[in-house]
Amino acid sequence: MKKTYAVIGYPVSHSISPAIHQQALNALEIDASYVPFEITCANQAAAFSGLKALGIDGFNITAPYKEAIIPYLDELADSAKLAQAVNTVKKTDTGYVGYNTDGDGFIASLKEDFKALTLETRFLIIGAGGAAKGILEAMKAQGYNNITITNRTLATAENLAELLNCQSMDLETAQANLADFDCIVQTTSVGMDASSEALPIELTGLRADTFVSDLIYNPQETAFLKAAGSNPKQNGLGMLIYQAALAFEIWTGKWPDIDLMYNTANEKGFKKC
Ligand code: ATR
C-alpha cells in the first residue's frame with residue numbers, strides 16, 4: 001500500500017521538508033507521499049491522536065510540538081530519551097516510536113564540512129537551550145568529550161554542563177580564551193533576525209583554523225558567521241539536510257541522495273554558507 005509521511009508543526013508553511021523528502025522518495029521510486037500539516041495548539045491533542053488513528057506511516061515534528069508529542073508515543077528510542085524531544089516518529093508493529101535525529105544530523109553535517117574534526121576537537125558551544133541540549137546529547141553519545149558551554153545566563157550553562165559532564169564558562173572568559181577552541185558552535189536564536197548585527201559573542205582573537213558553525217540557516221549568513229570572516233564555517237542547512245536523511249532512513253531503511261536533498265533546498269532558496 002502507498003505510504004504516507006508528514007511534518008506537523010506551527011507554522012509549517014515555510015518548511016522545506018515536504019520538498020526534500022518527496023524528491024528523495026521519488027528518486028528511489030518509493031511509492032509514498034509526504035505532506036505538511038499545520039496544527040494549532042488548540043488542536044494538538046486531536047491531531048496527534050488523529051495521525052495515529054489514520055495509521056500514518058511516519059512523521060516529522062517541528063516547533064512547537066517536539067516535547068508535546070511524547071505522551072502520545074508508545075516507545076522512545078535512545079536519541080529521543082536523551083534529548084527529551086522528538087523530531088521523527090515511525091509506525092511499527094508495536095506502535096509509534098519517537099526518535100530525535102537533530103543531534104546526529106548536526107554531527108553528520110559537521111563531518112561533511114569540518115575536515116579536521118576528531119574526538120579530541122575542543123568545542124565551545126554558545127547557548128544552553130533546547131537546541132544546545134539536543135546536539136550536546138548526541139555529541140556526548142558519539143564520544144566528543146572536550147566541550148565547554150557558554151551562555152548569556154551562566155547558571156543555565158552551568159546546569160547543562162553538569163548534566164552532560166562538560167565544562168562551563170562565562171561569556172567574557174570564553175571570549176578572552178577563544179584561541180583555545182578548535183570549533184565554535186552557535187546555538188542561540190541571535191542571528192535569526194537578518195536585520196540585526198547583534199552577536200552572541202565577539203570573535204576577536206579567533207584562530208584562523210577554528211571552525212565556526214551556526215545552527216541557523218535562514219538567513220544564509222548570520223552576523224556571527226560574517227564575523228567569522230574567512231575561517232572555515234557552515235550554517236545550519238547541513239544539519240537540516242542530515243536530520244531529514246536520518247529520518248528518511250528510519251522510515252524506509254534506505255539512505256537518500258544527499259546531493260538531491262541539497263539541490264532541492266537550493267531551489268527553495270536555502271544555501272550553504
Ligand atoms: P532553543 O530551543 O531554540 O535553544 P531556548 O531553549 O529558548 O531556545 O534557548 C535559547 C538560547 O538562546 C539560550 O541559551 C538563551 O540564553 P539565556 O539562557 O541567557 O536566555 C539564548 N539567547 C536567546 N536570546 C539571546 C540574546 N539576545 N542574547 C544572547 N543569548 C540569547
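Values in this text are rule-based calculations from the coordinates and carry no lab data. Bear in mind that the values here come from a model prediction, so they are computed numbers and not experimental data. Positions of Cβ are generated from backbone atoms using ideal geometry, with glycine treated the same way; all protein chains shown enter the neighbour counts.
Within the chain, antiparallel bridges make up roughly 20 percent of the DSSP beta bridges whose residues both belong there.
I'd like the distance separating the alpha-carbon centroids of the range 200-273 and the range 97-123, in whole Å. Comparing the Cα centres of the range 200-273 and the range 97-123, I get a distance of 11 Å. Taking the Cα atoms of the range 161-273, the ratio Rg/Rh between the radius of gyration and the Kirkwood radius comes to 1.03. Each other residue within a Cβ distance under 9 Å of Gly95 adds +1 if Lys or Arg and -1 if Asp or Glu, for a net charge of -1. Between Glu202 and Thr173, full extension at 0.36 nm per residue minus the direct alpha carbon distance yields a gain of 9.3 nm. With viscosity set to 0.890 mPa s at 25 °C, what whole-number translational diffusion coefficient in µm²/s follows for the range 1-93 from Stokes-Einstein and a Kirkwood radius over Cα pairs? D = 179 µm²/s.
Just checking the listed ones, Asn231, Asn100, Asn26: in the Gaussian network model of the chain with Cα springs under 10 Å, the one fluctuating most is Asn26. The relative contact order of the chain, computed from alpha carbon pairs under 8 Å that lie at least 6 residues apart in sequence, is 17 percent. Against the chain, whose longest principal axis comes from its Cα atoms, helix 44-54 is set at around 50 degrees. For the options Ala132, Ala208, Ala247, a Gaussian network treatment of the chain with springs between C-alpha atoms closer than 10 Å singles out Ala208 as fluctuating the most. With R₀ set to 22 Å, the beta-carbon distance separating Glu67 from Leu163 gives a calculated FRET efficiency near 0.85.
Could you tell me whether the range 100-230 comes out rounded, prolate or oblate from its Cα gyration tensor? Rule is a ≥ b ≥ c as square roots of the eigenvalues, rounded for a/c under 1.5, then prolate if a/b exceeds b/c, otherwise oblate. Cα axes put the range 100-230 in the rounded bin.
Per-residue extension of 0.36 nm, minus the Cα-Cα distance of His14 and Ser49, leaves a gain of 10.2 nm for this segment. Nearest-5 percent of antiparallel DSSP beta bridges in the range 20-109? Roughly 80 percent of the beta bridges in the range 20-109 run antiparallel, per DSSP.
For helix 17-27, what angle does its Cα long axis make with the longest principal axis of the chain, in degrees from 0 to 90 and rounded to 10? The helix 17-27 is inclined about 60 degrees to the chain. Given R0 = 35 Å, the distance between the Cβ atoms of Ala194 and Glu29 translates into a calculated FRET efficiency of 0.35.
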